[in-house]
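Everything on this sheet refers to the single structure shown next.
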Amino acid sequence: MFGLSSLSNTGRKPDTTGSKPMEATNAHLDPVDGRTPLVIGGHDFHSITEIVARPVEQGMPRGWYIIFGIALCLLSLLLVSIGWLVWEGVGVWGLNNPVAWGWAIVSFVFWVGIGHAGTLISAILYLFRQRWRTGVNRAAEAMTIFAVVCALMFPTIHVGRIWLLYWVFPIPNQMDVWPNFRSPLLWDVFAVTIYGTVSILFWFTGLIPDLATMRDRAKTLTRKRVYGFFAMGWRGSNRHWHNYEVAYMILAGLATPLVLSVHTIVSFDFAVSQLPGWHTTIFPPYFVAGAIFSGFAMVLTLMVICRTAFKMENLLTNRHFENMAKIVLTTGSIVGYAYAMEFFIAWYSGNPYESFAFVNRAFGPYAWAYWIMVSCNVLSPQIFWFRKARQNLTVIFIVSIFVNIGMWFERFVITVTSLANDFLPSAWDYFHPSFWDISTLLGSFGLFFTLFCLFVRYLPMVAIAEVKCVLPESNPHHQPTEG
Amino acid sequence: MANVFPQWTNSLPKLVVGALLIGGTVAVFAVTYWFSPEYTDVGYTPKQPVPFSHKVHAGDLGLDCRYCHNSVETSSTAAIPPAATCMNCHRSVKADSKALAPIRAAAAGGDPVRWVRVHMLPDYAFFDHSVHVGAGVGCATCHGRIDQMEEVAQHTALSMNWCLDCHRHPEAVLRPRSEITNMDHDPAQSPFDRAAAGLRTVDPPEHCSGCHR
């Protein structure tokens, strides 16, 4: 797939240097595989480099500054919230008995879930030879890493005394404090940190050829040095490409089981406990489907923004969006099936506590949250049965926002309703978030968008080298007949 | 393309990885050793307001520990004696000693003597002397050869893993109740089999709330 050794900037001159998209009609099918092409607009190797590298080199549109400014404000809010939390203790949140796991865990699971799409796109779709992944994989992997950063932040700060956080790692110490290996919370530490590490390595490996491109195009010595440092001496030799592909394949193989394992283990945090509403064997597959669902929704949100802002409709085509919309529809329906199956098992088990937990979810004090969840997650993606909706960016954007909201509420419903109304009615209570709960959640979006804005500002947001590989010219069966 | 970096930078990646691996390992061991109470606390010998010699009283004269620390078998703390206990003897022995002036003042109704605590456990660690003495842990096991100390110094780390070492293998340090205050008794030389003596076995807690209540 990456058998090209000539990906430098010496490709032939583009026929149309402008970025005007040409509608993909039958006349413009890929000459080799006869399908809708993944790069439209008659672009060649050089003009693809130009499209992707130009925003990084020539500055951002005004919208970027607005989004970055808002994100920085929210990030400051996050820092204040964390500072106050550390100073005052976790009591500043709305946590109390019986709801001892509140928004921190809800938001942790939400962000880890979002972090699943990147690795799915980059690893699983790579192994399945889904060539359309090349348009979105770079940004999706970046999104994954930033989502994992946000996710890791929540358990870090929710421990209260964060200076003792090293207790979660098996580090020899004179106290003999050692993690409890029977606790799923510890499995979480390993699952998420390994996932973060592998995602960063995978993302970085894929970036190396493009970083070298950025280095070679750089005008100033500082840029040359910074990009050159991270390009790690890449010269695009045949041997480099060979090693690169092997490394990429190995990392894809390593990352593939992680896509499934991380959210499985996150679901164990709940499923291994004894609480009705949590103690369910369906949780691992249900959580993984939900994670991919929410991850793709976030990819869609970001890609719609990026495509519009950076005029990349020739690289991020309707075919890309249609494929992702289909995945959202599929996983959304799996999630809907899981919601239904939870109710079926609650009835079929004959366990009164289990039945109560689910009836209470749908019709109890948190019914509003439950029905927000169902309408956003199960109903809203159904519009993607229609081809017109899958090709309409506005519809895609709106549905993706709904799904993001719905998936946050899913974790809220699971975490809070189960705790609020457990076995003993005398212990029941209603959860109220405090100001600091809300500010921390908003702040985590600030962190996420700050990182993502910096990513599009300084790194090529589409995998230049990989997109070149899906051009018809890169296909060994291509016969340059048209001239 | 001209070189962006000088040639020596080629060795940087290996150096960085090596430094991180070695540095990380060194840091863990350094913190484990130099930050531990075994290094920082053992040997702590504060200056006391009265130069009371445990060597003279408990060693040479052979006073039983419990003559002064009389609550050790029944209470969580081993009491620091009031000045009146000292005056039981010092009313007649060395009655005019200059060094004993604070004791006499305290016994006459002045402020109590401000002894400086040597063995300090954190507030979040629950420790009960009576339970340990009752199970057969001798004074010398934790406090060392008090009978040979002019000034009392901290003999053991009192750190959490030091506690846990005993809690995991208590049989190595237990002794009969009769030998509790015997400074010469060495459990390593003469192990004590509680079951053979008809006593219940000792099962110290190892869970968090055993000590952190």
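Readers should treat all values here as calculations from the given coordinates under stated rules, not as data from a laboratory. Since this is a predicted model, take the numbers as computed values, not measurements. Quick reminder, even Gly has a Cβ in these numbers, built from the backbone with ideal geometry, and neighbours come from all protein chains shown.
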### Message
Along the Cα→Cβ direction, 7 angstrom out, place labels at B:Thr74 and B:Ser11. What is the inter-label distance in nm?
### Response
7.4 nm
### Summary
Computed from the beta carbon distance with a Förster radius of 30 Å, FRET efficiency for B:Ala125 and A:Val159 to the nearest 0.05 stands at 0.90
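Remind me, what semi-axes does chain B give for its equivalent ellipsoid, largest first in whole Å, using sqrt of 5 times each Cα gyration tensor eigenvalue? Don't skip to the end; give the middle numbers.
Details: eigenvalues 436, 138, 46 Å².
Equivalent ellipsoid semi-axes, largest first: 47, 26, 15 Å.
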### Message
Going Cα to Cα from A:Lys311, which lysines come in below 27 Å? Please leave out same-chain ones fewer than 8 positions away.
### Response
A:Lys13, A:Lys20, A:Lys219, A:Lys224, A:Lys326, A:Lys388, A:Lys468
### Query
DSSP loop trypsin sites (Lys or Arg not before Pro) in the range B:39-97 with at most 13 other Cβ atoms within 10 Å of their Cβ, which ones?
B:Lys47, B:Arg91, B:Lys94
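Treat every Asp and Glu Cβ in the range A:60-459 as -1 and every Lys and Arg Cβ as +1, leave all other atoms uncharged, and give the resulting dipole magnitude about the Cα centre to the nearest 20 debye.
Values: 25 positive and 16 negative charges, 437 e Å.
Taking the Cα centre of the range A:60-459 as origin, the dipole is about 2100 debye.
Please state the charge dipole magnitude for the range A:337-429, taken about the Cα centre, from unit charges on C-beta atoms (+1 on K and R, -1 on D and E), reported in debye and rounded to the nearest 20. All intermediate terms of the calculation are to be shown ahead of the outcome.
Values: 5 positive and 5 negative charges, 123 e Å.
It comes to approximately 600 debye.
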### Summary
Distance in nm between A:Val272 and A:Trp428 label points, each 7 Å along Cα→Cβ, equals 3.0 nm
### Query
In nm, to one decimal, how far is the modelled label at B:Gln48 from the one at B:Ala195, with both set 7 Å along Cα→Cβ?
4.2 nm
### Task
Report, ordered by chain and residue number, the lysines lying within cross-link reach of B:Lys47, taken as a straight Cα distance under 29 Å and ignoring same-chain residues fewer than 8 apart.
B:Lys55, B:Lys94, B:Lys98
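As a check on your grasp of the helix formula, calculate [θ] at 222 nm for chain B: sum -39500 (n - 2.57) over DSSP H runs of n ≥ 4, divide by the residue count, round to the nearest 500.
About -9000 deg cm²/dmol.
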### Task
List the extent of the Cα atoms of the range A:251-378 along each of their three principal axes, largest first, rounded to whole Å.
56, 36, 19
### Message
Sort B:Ser209, A:Ser474 by Cβ crowding within 10 Å, fewest neighbours at the top.
### Response
B:Ser209, A:Ser474
### Task
Would you be so kind as to identify which of B:Gly24, B:Pro112, B:Gly198 lies farthest towards the positive end of the dipole of chain B, taking Lys and Arg as +1 and Asp and Glu as -1 on Cβ and the Cα centre as origin?
B:Pro112
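With the Cα gyration tensor of the range A:308-451 giving a ≥ b ≥ c as the square roots of its eigenvalues, does the rule (a/c under 1.5 for rounded; else a/b larger than b/c for prolate; else oblate) give rounded, prolate or oblate? If you can, show how the numbers build up before the last one.
Details: a/c = 3.54, a/b = 1.61, b/c = 2.21.
It is oblate, given that a/c is not under 1.5 and a/b is not larger than b/c.
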### Task
Within chain A, what's the longest run with no GluC sites (Glu not before Pro) in a DSSP loop and at most 12 other beta-carbon atoms within 10 Å? Give the range, please.
A:24-481
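Among A:Asp210, A:Asp188, which comes first, then next, by fewest other beta-carbon atoms within 10 Å? List each step's numbers first, then the result.
Numbers: A:Asp210 27, A:Asp188 20.
Ranking A:Asp210, A:Asp188 by Cβ neighbours within 10 Å, fewest first, gives A:Asp188, A:Asp210.
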### Summary
So for the range B:140-213, using the alpha carbon gyration tensor with a ≥ b ≥ c as root eigenvalues (a/c under 1.5 gives rounded; past that, a/b versus b/c decides prolate or oblate), I'd call it oblate
### Message
Compute the distance from the alpha-carbon center of the range A:275-331 to that of the range B:1-34, in whole Å.
### Response
39 Å
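How large is Rg over Rh for chain A, taking Rg from the Cα atoms and Rh as the Kirkwood inverse mean of 1/r across Cα pairs? Present the calculation step by step, with values, prior to reporting the outcome.
Values: Rg = 23.7 Å, Rh = 23.9 Å.
Ratio of gyration radius to Kirkwood radius for chain A: 0.99.
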### Message
Quick check for you: which residues of the range A:433-454 have the amide N under 19 Å from the point 7 Å beyond the Cα of A:Ile200 toward its beta carbon?
### Response
A:447-454
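Can you work out the FRET efficiency for the pair A:Leu185 and B:Asp60, with r the C-beta to C-beta distance and R0 = 56 Å, to the nearest 0.05?
Values: r = 57 Å, r/R0 = 1.01.
Calculated value: 0.50.
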### Query
Roughly how many debye, to the nearest 20, is the charge dipole of the protein assembly as shown about its Cα centre, given +1 on each Lys and Arg Cβ, -1 on each Asp and Glu Cβ, and no other charges?
2200 debye
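I need the calculated FRET efficiency for the pair B:Ser92 and A:Val86, taking r as the beta carbon distance and R₀ as 35 Å, to the nearest 0.05.
Numbers: r = 61 Å, r/R0 = 1.73.
Efficiency at R0 = 35 Å is approximately 0.05.
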### Reference-scaled alpha-carbon Rg (2.2 N^0.38 Å with N residues) for the range A:190-292
1.54
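Once a ≥ b ≥ c are taken as the square roots of the eigenvalues of the Cα gyration tensor of the range B:129-169, is the result rounded (a/c under 1.5), prolate (a/b larger than b/c) or oblate (a/b not larger than b/c)? Provide the component values of the computation, followed by the final result.
Numbers: a/c = 2.70, a/b = 1.44, b/c = 1.88.
Oblate shape, in that a/c is at least 1.5 and b/c is the bigger or equal ratio.
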### Query
Which whole-number percentage describes the relative contact order of chain A, with Cα contacts under 8 Å and a sequence gap of 6 or more?
30 percent
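Could you quote the convex hull projected area for the range A:392-433, Cα atoms only and averaged over all directions, in nm²?
Working: hull surface 14.2 nm².
That works out to 3.6 nm², a quarter of the Cα hull's surface.
What order do you get for B:Ser97, B:Ser178, A:Ser47 when you list them from fewest to most C-beta neighbours inside 10 Å? Write down the numbers at each step before the final one.
Numbers: B:Ser97 12, B:Ser178 9, A:Ser47 22.
Arranged by neighbour count, lowest to highest, B:Ser97, B:Ser178, A:Ser47 become B:Ser178, B:Ser97, A:Ser47.
Could you list the chymotrypsin sites (Phe, Trp or Tyr not before Pro) in the range A:168-209 that lie in coil according to DSSP, counting only those with at most 11 other Cβ atoms within 10 Å of their Cβ? All intermediate terms of the calculation are to be shown ahead of the outcome.
Details: sites: A:Phe181, A:Trp187, A:Phe190, A:Tyr195, A:Phe202, A:Trp203, A:Phe204; in loops: A:Phe181.
Qualifying residues, ordered by number: A:Phe181.
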